[in-house]
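Single-structure report; data block below.
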Amino acid sequence: MPRLPRCPTLALLAVLTACASRQSPPSEPATPPSAEASAQAGPSSPSLRLPTRVRPTGYTAELTVDPSQPAFQGVLDIELEVKEGTDVLWLHAQALTVKDATLTVAGARVPVSQTKGEGDFLGFVPERPLAPGTAHLRLVYEGVLSTREILGAFRSQEAGSWYVFTQFEPLGARRVFPCFDEPGFKVPWQLTFHVPAGLTAVTNTPLVSEEPSPAGGTTWRFARTQPLPSYLIAFGVGTFDFVEASPSGQKAVRTRIVTPKGRGSEAAYAAQTTPDILAHLERYFGIPYPYEKLDVLAVPLLGGAMENPGLVTFNTRLILEGAAEDSVEWKRGFYSTQVHELAHQWFGDLVTMAWWDDLWLNESFATWAEIRIMSEAQPTWDAPVESVRGRSYALNADGLVASRRIRQPIQSENDIHNAFDGITYGKGASVLLMTESWLGQEVFQRGVRRYLNAHAQGNATAKDFLSALSAEAGQDVSGVLDSFLEQGGAPLITARLDCSEAVPQVKLSQARFLPLGSKGEAAQRWKVPLCVRYATAGKPERACTVLEDETASLPLPKAKSCPAWFLPNADGAGYYRSALDARMLGRLLSTDNRFLSRAERVALLGDVRALVNNGTMPAADALGLLPGLAGEKDRQVFESSMELIGLLNRSFLSERSQEERARFLRDTYGGRARTLGFKPHAGEDEDTRLIRLQLLRLAGEEGGDPALVAEARRLAAQWLAGASPLRDEDLVETMLSVAAAHGDAAFHAQVMKAMRAEPERKRREQLIGALRGFTEPSLVKEQLRLLLEPSVDPREVGGLLFAAGWKARTRDVAYAFVKEHYDALAARFPEERLSMLMVAVSSFCDPVHRQDLATFFAGRMARVPGGPRTYDRSLEQMDLCIALKAAQGPSIEAFLASTRRAPKDSRR
């Protein structure tokens, strides 16, 4: 699956704002009685993993799919190897009705009966026990094409036409195939589809034949796949545009962007960049693209993107754009996501994790590959500096005791659902970048290639990768990596300069970083590769070590005298927080400091925010840096200062201070925002365009700058009337958000009316985005009712709940709505996303609401996928917020009061 969006709020919105048709679909029938429900009791059921006495060696499937209908029919042939004698064959199946099962052994049919297992386990009991050997199981069954879910096979309507798409990771294949739905069962698949005339089917492999179906319609038969686990099978059925790109890779495989009918013209950027991305990946891995074709399918309802070999899928918002040349933020987002998904063709597809505890071998590496490939392919995008910002987000998530390990043991299906988080993606990638920096890029690349070549077309574990890397490094690297993979949390490295000896030294100590209010234990230890950069009479030098004990001394051999400065995380490469004494930290943060690299400045700002979070630094001191950073021309440094703006959380502030907050944002950022305005100027570079978006959000949406709000309202009126005042789609969304944040009932009514009437998905998405911007509680209460309207798909408007729940002015409205309508919402939202109903309303920062949420959600989260850990994390986040508010709230309010006496407007 794709890397997580960098902004946590956007990650939540992406989950539930994946688009769906506004038109009311036919009522989805009640799920037919499943085989599990009707089968007789029988042998003892598995509880988490399938037994390995029987394994598949191949699948052949025929599916009859009509996107206009709520059900599909399937015939599945499974070739089996019976490794040990058994009296039952266990498979996974969910919401499938198996109408006939035929078991053949040595050419003879063996009668079988079905047996109910726990959860999704479905057993087939032969009349007599099976001996070791081979067997064949044919299943005739029926399943659901959902208009509620976004896992399994689901339907949506585009421009009046119905489509079917799939998403199988992690546990969705069992909703379409009764199968061995675990990543360790990796075998070839052959798929055939019977679809209505005029529709097209696409899947992982090239088309073998297309011919009229005996029952009417068309039969599409596809080539057999290379060995694949069930979660990587994918298909789509509908009327599509096919946009041919240049052949890709060393084997010149056919490459196409596949879109819903009528949207092919929006795929130009994807078609232009995809072959080049694949070429960069081939050069790095030293292995040609392993598959026979590369289709990239635009899916309206998908939550992100998915690496299915031969049929990569993308949410339409991520891949389709009418004016990509003007939408810098979108363009970079697509590019990095495509790098991620295509890197999976090697890490995840060619070599697949053996079990879900090693999901990091897929997702951490694909996220790391974004940085490595974009550094080479798009050097002006500053991917290495961007990665330091990503590291800071991961460190923030890692501060929670309830957070996972990278290699979290899988003890239930909840653990599988929880695995797709910022720890697996962001922390895992940051640890790999630290390891690459420690060993060197060439050694790391050789280790990657050794691993891929050794396990191609098979499965692998963390031990396999660490063995390959150790062999190329000439040392055992497992001790260092295991210390980060196998335990949660992150180190806080405290560093102090000691010049009392002939050779200056840095005194180092380590403990777990714990924010204020944490109940964690500080006495954790890691094996931390770190480098200290320090001043000398000439150019700065560095000294490196692996810190294994609680304390250590690191000599600075090239320092002829006591260094004027030192930095304990050279290049921001280490996965840890740093703490320095106030004098040294002040020197590093000085505005005339030009001896730090951009990556180091970004890392240092992240550490400053962390020191506020753990109570080491007063919040007012950190916030005092903002006026000096407001005119910062380096985009990465400027955007990193947004972490400090997070200290101006409305939850920390009194009513008076809320007004002071808005005034501070206007005074500090308004001048620069007004100078840039909403329309790009001739000759502007891309970084200026990206900074503009941040400034307009800060000064306009948050600060309420009168001139910016008035301009946004003027442009919004033109846009609603059908004009195109802004070409940049990124700016359209920002403009609408600024206008909505200060919009009245009349403007809200206008947007609601336009949204309800809009037939075009892309523009409807923009209108829904505008609705998310409103902050007046009565208006938000009105729009939340959309989530319950039968004619509105909650998969399309679910983001309204998150937007309301994470705004201080409207979160009470959102929480009251969830409490009043929880059962109705739970019946309408996708099952695997129900834990998000708690996340959406968990931004409170007071003990009363915290206890109320704990009581309300206790039983409810225990019953939904991934709910227990979501429950613990949400409560811990509120506990930490309460503690930070108590400790730093007075300092924050004092800072705002001081700025009232000395206003500053950055017009640089």
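The values are calculated or read from the model by the stated rules, or taken from the named source; none is laboratory data. None of these values were measured; they are calculated from a predicted model. Positions of Cβ are generated from backbone atoms using ideal geometry, with glycine treated the same way; all protein chains shown enter the neighbour counts.
Could you identify the single residue in Lys762, Lys753, Lys807, Lys819 that is within 21 Å of Phe652 (Cα to Cα) and outside the structural domain of Ala298 (by TED's automatic domain parsing)? Spell out how you get there, then give the answer.
Numbers: Lys762 fails: within 21 Å of Phe652 (Cα to Cα); Lys753 fails: within 21 Å of Phe652 (Cα to Cα); Lys819 fails: within 21 Å of Phe652 (Cα to Cα).
Checking each option against the conditions leaves just Lys807.
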Single residue of Asp498, Asp482 found to be of a type in the set (D, E, K, R), touching a strand residue (DSSP E or B) at 6+ places or on another chain (Cβ under 8 Å) and modelled with pLDDT of 95 or more: Asp498
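For the range 472-510, name all the residues that are among the polar types (S, T, N, Q), farther than 19 Å from Arg542 by Cα and under 35 Å from the mean Cα position of the chain (by Cα). Outline the logic, then answer.
So in the range 472-510, the residues among the polar types (S, T, N, Q) come out as 475, 478, 483, 487, 494, 500, 505, 509-510.
Next, only the ones that are farther than 19 Å from Arg542 by Cα stay: 475, 478, 483, 487, 500, 510.
Passing the criteria: Gln475, Ser478, Ser483, Gln487, Gln510.
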Subset of the range 651-668 that is of a type in the set (A, V, I, L, M, F, W, C) and crowded, with 21+ Cβ neighbours inside 10 Å - its residue that is farthest from Leu623 (Cα to Cα): Phe652
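Just need a number here: residues in the range 250-263 that are touching a residue at least 12 places away in the same chain (Cβ under 8 Å) and surrounded by fewer than 19 Cβ atoms within 10 Å (Cβ to Cβ).
Within the range 250-263, the subset touching a residue at least 12 places away in the same chain (Cβ under 8 Å) is 250-251, 253-263.
Checking the rest, the ones that are also surrounded by fewer than 19 Cβ atoms within 10 Å (Cβ to Cβ) come to 250-251, 254, 261-262.
Total meeting the criteria: 5.
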The range 127-158, subset in contact with a helix residue (DSSP H, G or I) (Cβ under 8 Å, 6 or more places away or on another chain) and among the hydrophobic types (A, V, I, L, M, F, W, C), residue nearest to Asn204 (Cα to Cα): Ala153
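Out of the residues in the range 70-96 meeting the condition of being polar (S, T, N, Q) and within 21 Å of Ser47 (Cα to Cα), tell me which one is farthest from the chain's Cα centre (by Cα).
If we take residues in the range 70-96 being polar (S, T, N, Q) and within 21 Å of Ser47 (Cα to Cα), then Thr86 is farthest from the chain's Cα centre (by Cα).
What number of residues within the range 488-506 are more than 25 Å from Asp398 (Cα to Cα), touching a residue at least 12 places away in the same chain (Cβ under 8 Å) and of a type in the set (A, V, I, L, M)?
Qualifying residue count, the range 488-506: 3.
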Residue check for Asn613: crowded, with 23+ Cβ neighbours inside 10 Å, within 27 Å of the chain's Cα centre (by Cα) and polar (S, T, N, Q): yes
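State whether one or more residues within the range 417-427 are within 21 Å of Arg601 (Cα to Cα) and either outside any helix (DSSP H, G or I) or of a type in the set (Lys, Arg) (or both).
Of the residues in the range 417-427, the ones within 21 Å of Arg601 (Cα to Cα) are 426-427.
Now narrow it down to the ones that are either outside any helix (DSSP H, G or I) or of a type in the set (Lys, Arg) (or both): 427.
Yes, the range 417-427 has at least one match.
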Every pair of residues 6+ apart whose Cβ atoms lie under 6 Å, when the first sits in the range 881-907 and is at pLDDT below 95 while the second is part of a loop (DSSP other than H, G, I, E, B) and buried (at least 19 other Cβ atoms within 10 Å of the Cβ): Ser906/Ala630
Some residue of the range 118-129 being in contact with a Pro (Cβ under 8 Å, 6 or more places away or on another chain), surrounded by fewer than 18 Cβ atoms within 10 Å (Cβ to Cβ) and not in a loop (DSSP other than H, G, I, E, B): no
Residue within the range 825-848 that is in contact (Cβ under 8 Å) with a residue 12 or more places away in the chain, more than 25 Å from the chain's Cα centre (by Cα), within 28 Å of His748 (Cβ to Cβ) and outside any helix (DSSP H, G or I) present: yes
Residue that is modelled with the lowest pLDDT, among those in the range 822-837 that are among the charged types (D, E, K, R) and over 16 Å from Leu800 (Cβ atoms): Glu832
Leading residue by the ranking (surrounded by the fewest Cβ atoms within 10 Å (Cβ to Cβ)) among those in the range 741-794 that are in contact (Cβ under 8 Å) with a residue 60 or more places away in the chain and in contact with a Phe, Trp or Tyr (Cβ under 9 Å, 6 or more places away or on another chain): Pro794
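Taking Phe595, is it outside any helix (DSSP H, G or I), touching a residue at least 60 places away in the same chain (Cβ under 8 Å) and not polar (S, T, N, Q)? Walk me through how you get there before you give the answer.
Numbers: outside any helix (DSSP H, G or I): yes; touching a residue at least 60 places away in the same chain (Cβ under 8 Å): yes; not polar (S, T, N, Q): yes.
For Phe595, the condition - outside any helix (DSSP H, G or I), touching a residue at least 60 places away in the same chain (Cβ under 8 Å) and not polar (S, T, N, Q) - is met.
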Unique residue being under 17 Å from the mean Cα position of the chain (by Cα) and of a type in the set (Asp, Glu) when the list is Glu386, Glu436, Glu376: Glu386
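Filter the range 346-389 down to the residues that are in contact (Cβ under 8 Å) with a residue 12 or more places away in the chain and polar (S, T, N, Q), then identify the one that is farthest from Arg598 (Cα to Cα).
First pass over the range 346-389, keeping only residues in contact (Cβ under 8 Å) with a residue 12 or more places away in the chain: 346-374, 376-378, 380-389.
Filter once more, keeping what is polar (S, T, N, Q): 352, 362, 364, 367, 378, 380, 387.
Numbers: Thr352: 36, Asn362: 29, Ser364: 24, Thr367: 21, Gln378: 17, Thr380: 13, Ser387: 12 Å.
Ranking the qualifying residues of the range 346-389, first place goes to Thr352.
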Residue, nearest to Trp438 (Cα to Cα), within the range 557-571, restricted to residues that are out of contact with any Lys or Arg (no Cβ under 9 Å at 6 or more places or on another chain) and either among the hydrophobic types (A, V, I, L, M, F, W, C) or part of a strand (DSSP E or B) (or both): Ala559
The one condition in (1) surrounded by fewer than 24 Cβ atoms within 10 Å (Cβ to Cβ); (2) closer than 25 Å to Leu611 by Cα that Asn453 fails to fulfil: (2)
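Here is a yes/no grid of residues against (1) crowded, with 17+ Cβ neighbours inside 10 Å; (2) of a type outside the set (Phe, Trp, Tyr); (3) without any contact (Cβ under 8 Å) to a residue 24 or more places away in the chain:
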| residue | (1), (2), (3) |
| --- | --- |
| Ala673 | yes, yes, no |
| Leu676 | yes, yes, yes |
| Ile691 | yes, yes, no |
| Ala707 | no, yes, no |
| Leu726 | yes, yes, no |
Leading residue by the ranking (surrounded by the fewest Cβ atoms within 10 Å (Cβ to Cβ)) among those in the range 267-295 that are assigned to a helix (DSSP H, G or I) and without any contact (Cβ under 8 Å) to a residue 60 or more places away in the chain: Arg283
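Of these, Thr134, Thr115, which one is hydroxyl-bearing (Ser, Thr, Tyr) and surrounded by 21 or more Cβ atoms within 10 Å (Cβ to Cβ)? First the steps, then the outcome.
Details: Thr134 fails: surrounded by 21 or more Cβ atoms within 10 Å (Cβ to Cβ).
Just a single option satisfies the conditions, and that option is Thr115.
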